[in-house]
Amino acid sequence: MRAGRLWLILAAAFGFAVLYVPLIILIIYSFNASKLVSVWGGWSVRWYGELLSNEQVLQAAWISLQVAVMAATIGTVLGTMTGYVLSRFGRFRLRLLLTGMATAPLVMPDVVTGLSLLLLFIGMEQAIGWPAGRGMLTIVIAHATFCLAFVAVIVQARLTDFDRSIEEAAADLGGRQPWIFLTVTLPVIAPALVAGWLLAFTLSFDDLVISSFVSGPGSSTLPMLVYSKVRLGVSPDINALGSLIVAVVAIGVTLAALQMRWAERRRIADEQRALSEEE
Amino acid sequence: MSRARRLGRTAVLGVPFVWLLVFFLLPFAVVLKVSLSEPDIAQPPYQPLFGENWEYLGSFANYVFLTEDTLYTTAYLNSIWMAAVATLLCLLIAYPMAYLIARSRPATRLTLLMMVVLPFWTSSLLRIYALIGLLNTTGFINTVLLWLGVISEPIQMMQTDFAVYAGIVMTYLPLMILPLYATLEKLDETLLEASADLGAGGIGTFWQITLPISLPGILAGCLLVFIPAVGEFVIPQLMGGPDQLMIGKVLWTEYFNNRDWPVASAIAIAMLAFLVIPFMILRNAPAMRGEV
């Protein structure tokens with residue numbers, strides 16, 4: 001049993017190494033003064049300076065940020081509606097179609113999504129003149145569609161765990177929709193919406209393939225710029241960019257973990273207090 | 001049900017439904033249409049499907065072309081093979097991780113779970129870039145091995161199948177771990193004790209109890225990795241060799257380099273036709289319906 005546990009820990013450690021060694025090396029090299037990756041030229045923050053003074057990078061980052069905020073917001077609103085419908089409306093016609101359409105984007109290969117949306121946009125432009133050309137609008141629409149699917153899964157899962165008697169009590173007390181949803185359901189599922197929005201933002205901010213298909217001139221996103229730089233070879237300012245993103249995500253994840261642990265402790269304390277009051 | 005309430009229901013259902021209909025389902029109809037058209041040197045570069053008097057001009061020529069040129073069938077089969085191998089590697093690496101997380105104390109469990117999720121929240125493109133920096137001939141691994149004198153000249157790891165497997169495994173590992181963890185977490189400790197009491201060894205208990213119970217998680221995790229991996233573009237493009245064919249890369253080339261939209265569309269439809277089956281299994285998998 002002892003030996004078994006040791007092997008288990010070693011195997012799991014290998015898995016974590018697969019996830020983390022590349023990121024750690026990336027961060028270390030982002031402080032390398034030398035332009036050559038194989039040569040260590042001493043510590044330096046030179047690449048961070050070059051990154052933050054690179055007009056092209058800042059422009060692309062700004063576009064990506066705008067796209068991600070809009071796509072995540074639209075995706076969260078529509079995804080919440082979808083998740084709600086799928087968990088609360090019971091059986092209805094077209095349910096199977098809606099489930100399929102809301103699940104498929106989760107696993108659809110990006111090249112297929114990108115190509116199909118591009119051909120749609122071109123066809124629509126020919127037929128009804130909208131959307132005129134391709135740019136940020138078409139990227140937002142494309143991203144909002146897959147964001148919808150991810151948020152719908154999260155919201156549906158949350159609503160399935162939800163104690164429905166609270167909603168029923170609100171209805172018995174004379175509450176009506178949409179007030180029950182806004183005052184009872186929404187506050188309970190709010191953490192799931194926040195998680196869904198953040199996930200949607202991340203996926204949109206990270207997307208390369210779909211954006212490449214549906215973007216137009218002047219609307220290059222950050223991943224598109226990174227991709228064109230990476231294809232030309234190693235460029236040290238990308239190390240700096242990667243390290244910055246890792247740092248932001250690490251801070252966010254740590255805060256989320258602390259918040260979860262704190263909420264859990266408070267819940268246990270509340271339960272114990274309730275129990276001792278009963279006695 | 002009052003009229004206002006029915007109207008509200010229709011709106012809540014209708015808005016996302018119409019959105020998905022227009023921006024998810026309709027595009028596939030357009031792709032299907034273009035895949036049946038003839039390529040043309042025009043803007044857009046394909047001929048209309050219907051003539052002036054609405055006579056049907058489409059044909060399956062593009063699909064026939066796909067089957068005739070071995071490039072496409074090779075790429076197609078190679079993608080499925082590579083995605084399958086990468087999925088299996090992912091499963092082998094993820095299982096001990098998920099098991100360890102499920103069996104650890106709550107505080108440790110949360111930390112380890114966060115560690116699984118963290119890379120997933122960073123940029124996958126930048127993670128691929130980081131992995132390239134590790135595997136390059138001038139990369140970290142080769143530099144260290146050369147310096148230690150283990151090897152006398154750099155090992156060629158990039159532009160190989162190994163690099164593509166490594167890329168897919170690193171990118172999709174969290175998607176495998178999470179459903180596995182979800183099933184293993186529910187594993188009742190008393191079952192393991194009962195099995196041990198009845199004389200089963202560690203390996204016996206694993207095959208008889210743990211593995212069967214975690215099967216839904218294995219299924220969901222494998223499909224979540226396999227389906228997108230088949231159509232992966234970035235990883236084979238940046239890490240695989242120039243002659244290494246994967247269908248996502250071929251589609252991209254047909255569209256961006258050859259500007260052959262009808263053939264690109266036919267590839268997309270062929271890819272979908274193959275992925276429908278694993279997708280149907282995934283959609284009906286208990287793990288995807290929150291029943292785990």
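Brief remarks follow.
- Trypsin sites (Lys or Arg not before Pro) lying in DSSP loop within the stretch A:148-178, provided at most 15 other Cβ fall within 10 Å: A:Arg176
- Between A:Trp197, A:Trp262, A:Trp47, the GNM of chain A built on Cα springs shorter than 10 angstrom shows A:Trp262 fluctuating the most.
- Charged side chains reduced to their Cβ positions (Lys and Arg at +1, Asp and Glu at -1) give the stretch A:58-222 a dipole of some 340 debye around its Cα centre.
- Residue of A:Met260, A:Met108, A:Met224 that the Gaussian network model of chain A assigns the largest fluctuation, springs spanning Cα pairs under 10 Å: A:Met260
- Additional length obtainable on full extension of the chain from B:Ile213 to B:Ala273, 0.36 nm per residue less Cα span: 18.5 nm
- Among complete DSSP H helices in chain B, those whose alpha-carbon atoms stretch at least 30 Å along the helix's long axis and whose mean Kyte-Doolittle hydropathy reaches -0.5 are B:70-103, B:161-185, B:261-284.
- Between the stretch A:126-153 and the stretch B:198-222, the alpha-carbon center distance in angstrom: 43
- Largest to smallest principal axis extent of the C-alpha atoms in the stretch A:91-195, angstrom: 53, 30, 27
- The stretch A:51-81-the stretch B:75-137 distance, computed between alpha-carbon centres (Å): 26
- Ellipticity at 222 nm from helices only: DSSP H runs of n ≥ 4 in chain B, each -39500 (n - 2.57), divided by the residue count, give -22500 deg cm²/dmol.
- Karplus 3J(HN,Hα) series, Hz, for the stretch A:272-277 with 6.51 cos²θ - 1.76 cosθ + 1.60 (x for Gly, Pro): 5, 4, 4, 5, 5, 5
- Packing, taken as the mean count of other beta carbons within 10 Å per residue, orders the peptides B:149-162, A:263-276 from highest to lowest as B:149-162, A:263-276.
- The stretch A:216-243-the stretch B:255-271 distance, computed between alpha-carbon centres (Å): 26
- Annotation for B:Leu21 and B:Arg105: the two label points, set 7 Å from Cα along the Cα-Cβ direction, are 5.6 nm apart.
- Within the listed set B:Leu135, B:Leu21, B:Leu219, the residue fluctuating most in the Gaussian network model of chain B (springs between alpha-carbon atoms under 10 angstrom) is B:Leu21.
- Sites B:Val144 and A:Gln66, calculated FRET efficiency, Cβ-Cβ separation with R0 56 Å, nearest 0.05: 0.85
- Taking amide H atoms as placed 1.01 Å from N in the peptide plane, the amide H of B:Tyr46 lies under 5 Å from those of B:Asp40, each 5 or more residues away in sequence or on another chain.
- Within the stretch B:69-289: Cβ-based charge dipole about Cα centre, in debye rounded to nearest 20 (Lys, Arg +1; Asp, Glu -1): 480
Read-outs throughout are calculated quantities, based only on the coordinates presented, and are distinct from any laboratory measurement. All values derive from a computational prediction rather than experimental measurement. With ideal geometry, Cβ positions are generated from the backbone for all residues, glycine too; neighbour counts draw on all protein chains shown.
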